[in-house]
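Step one of this worksheet: look at the structure below.
Just so it is clear, none of the values below were taken in a lab; they were calculated from the coordinates. Fair warning: this is a prediction, and the values are worked out from it, not measured in the lab. For neighbour counting, all protein chains shown are included, and Cβ atoms are generated from backbone atoms with ideal geometry for every residue, glycine included.
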Amino acid sequence: MAEGVRKHLQTDIAVSVTGLAGPDGDDRGNPVGTVYIGYCDQRKSYAKKFVFSGFVYFSFVSKKVKKERT
């Protein structure tokens with residue numbers, strides 16, 4: 001998927017994420033919580049499989065930076 005994104009958008013790198021949120025697993029035996037994260041650049045491309053169980057909470061905090069005028 002990352003390769004396709006990189007090619008389609010004509011970027012130097014691309015990242016992809018897909019997975020199973022539930023309520024059931026898939027017909028290939030992958031359980032809920034299975035996540036694939038992919039990466040692709042001009043030299044390499046790979047994907048890694050993760051299986052998370054239980055409740056997973058991701059928090060992204062953005063901080064506003066106020067620039068002072070000089």
Note to self: Test of understanding: what is the full-extension gain from Gln42 to Gln10, defined as 0.36 nm times their sequence separation minus their Cα-Cα distance?
What the structure shows: 10.4 nm
Notebook entry, point to check: Cys40: net charge of surrounding residues, Cβ under 14 Å, Lys/Arg +1, Asp/Glu -1, itself excluded?
Noted result: +2
